[in-house]
Amino acid sequence: MIQFLTRRLVRAVIALWGIVTIVFIVMRLSGDPVPLMLPPDAPTAEMNRVRAELGLDQPIPVQYLVFIGNVLRGDLGRSIHMRQPAVSIALERLPATFELAFVAFTLAIVVALPAGLISAAKRNSVWDNLAMFLALVGQSAPTFYIGIMLILVLGLQLGWFPVSGRGTGDWLNPKDWPTMLWHVFLPAITLGAFAMASIARLTRSAVLDVMRSDYIRTARAKGLSDIVVLLRHNLKNAAIPIVTIMGLQFGTLLGGAVVTETVFSWPGIGLLAIKSIGSRDYPIVQASVLLVAMAFVVVNFLVDLAYGWLDPRIRYA
């Protein structure tokens, strides 16, 4: 177990180093942020002074070494435009992104798991064909298109849901839940559509594979009902690929919230990163990407631990 944890930790550190390095290089290639900070008629001397103040007058390798050294000390720099610690600004937006991703993930599981099980149990029936058709639509339709259609139909035409913003309230107060859910519903459906379709299709496939096993036929021969066989024997033995896709999809929801947050003006870390890329605010982009990458690594680590709980035959050493 210790070897497993050590290997996973080393891989996580290497992955995070690669991610921050790529982001550092790409942001430096995007252009000089100083002209965006000063008036168009600012003198050259003033621009050079600001570059020196931000350390942008140094060669790229020197900037990179300084950046890595600061990251190792937990310092991702200060926002070029807001003049505040980049990590603090990104952390302020992270709860909104987690809220959106968690609600989208919950909706995906609540809809996809029963749909996948029903499709497998009623193979080639009307319900199976309908569920797989909707799954195909969910996987093939672009996220921004789903969001815009929901805004036009359910938000503007019918007026059932707000079309932007997070709303006010606190999830710790049950009285605020209706308002919070009302605001997050459309963004969550938009963000979770692809995950919903993927989980439903994989659940159907995994359950069908297990359904052909001898121990399933034995369970049926003992007289167990179809629902008991499906939930107790079939679903549990098909759980590993389903848990894998769930973990990957949750990580994807965190990183993929950029488009959804932009469409719905959701004040999360994705919208912050988009605005910061436009203004070339390097520290904010680097802090946002690093936080999301760390969350993705933690989710994958938890998925690996879940394997051992679902299948005791798995050994980590």
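Structure values in brief
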{"read-out": "Qualifying residues in segment 149-176 (those that are open to solvent by less than 40 Å² (accessible area, probe 1.4 Å) and not in a helix (DSSP H, G or I)) - the one modelled with the lowest pLDDT", "value": "Gly167"}
{"read-out": "Only one of Tyr282, Tyr215 that is surrounded by fewer than 16 Cβ atoms within 10 Å (Cβ to Cβ), of a type outside the set (A, V, I, L, M) and touching a residue at least 12 places away in the same chain (Cβ under 8 Å)", "value": "Tyr215"}
{"read-out": "Number of the exception - Ser288 against (1) surrounded by fewer than 23 Cβ atoms within 10 Å (Cβ to Cβ); (2) more than 23 Å from Leu150 (Cβ to Cβ); (3) within 14 Å of the chain's Cα centre (by Cα); (4) in contact (Cβ under 8 Å) with a residue 12 or more places away in the chain", "value": "(1)"}
{"read-out": "Lone qualifier among Ile89, Ile22, Ile68 - being under 30 Å from Gly192 (Cβ atoms), open to solvent by less than 70 Å² (accessible area, probe 1.4 Å) and not basic (Lys, Arg)", "value": "Ile89"}
{"read-out": "Residue in segment 180-194 that is within 19 Å of the chain's Cα centre (by Cα), over 19 Å from Pro267 (Cα atoms), touching a residue at least 24 places away in the same chain (Cβ under 8 Å) and assigned to a helix (DSSP H, G or I) present", "value": "yes"}
{"read-out": "Out of Phe102, Phe98, sole residue that is aromatic (Phe, Trp, Tyr), open to solvent by 30 Å² or more (accessible area, probe 1.4 Å) and under 25 Å from Pro241 (Cβ atoms)", "value": "Phe102"}
{"read-out": "Complete set of residues in segment 255-271 that are open to solvent by less than 10 Å² (accessible area, probe 1.4 Å) and assigned to a helix (DSSP H, G or I)", "value": "Ala257, Thr260, Glu261, Ile269, Gly270"}
{"read-out": "Leading residue by the ranking (nearest to the chain's Cα centre (by Cα)) among those in segment 139-148 that are small (Gly, Ala, Ser) and in a helix (DSSP H, G or I)", "value": "Gly147"}
{"read-out": "Selection within segment 29-65 - modelled with pLDDT under 80, surrounded by 15 or more Cβ atoms within 10 Å (Cβ to Cβ) and either of a type in the set (Ser, Thr, Tyr) or closer than 15 Å to Ile277 by Cα (or both)", "value": "Pro33, Val34, Met37"}
{"read-out": "Considering residues of segment 132-148 that are open to solvent by 50 Å² or more (accessible area, probe 1.4 Å) and more than 17 Å from Val258 (Cα to Cα) only, the residue modelled with the lowest pLDDT", "value": "Gln139"}
{"read-out": "Failed criterion for Thr260 (all others in (1) in contact with a Lys or Arg (Cβ under 9 Å, 6 or more places away or on another chain); (2) modelled with pLDDT of 80 or more; (3) not basic (Lys, Arg) hold)", "value": "(1)"}
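The values are calculated or read from the model by the stated rules, or taken from the named source; none is laboratory data. All values reported here derive from a predicted model rather than from experimental measurement. For neighbour counting, all protein chains shown are included, and Cβ atoms are generated from backbone atoms with ideal geometry for every residue, glycine included. Please note that ligands, DNA and RNA were not included when accessible areas were found on the heavy atoms of the full protein model with its side chains. Shrake-Rupley method; radii C 1.70, N 1.55, O 1.52, S 1.80 Å.
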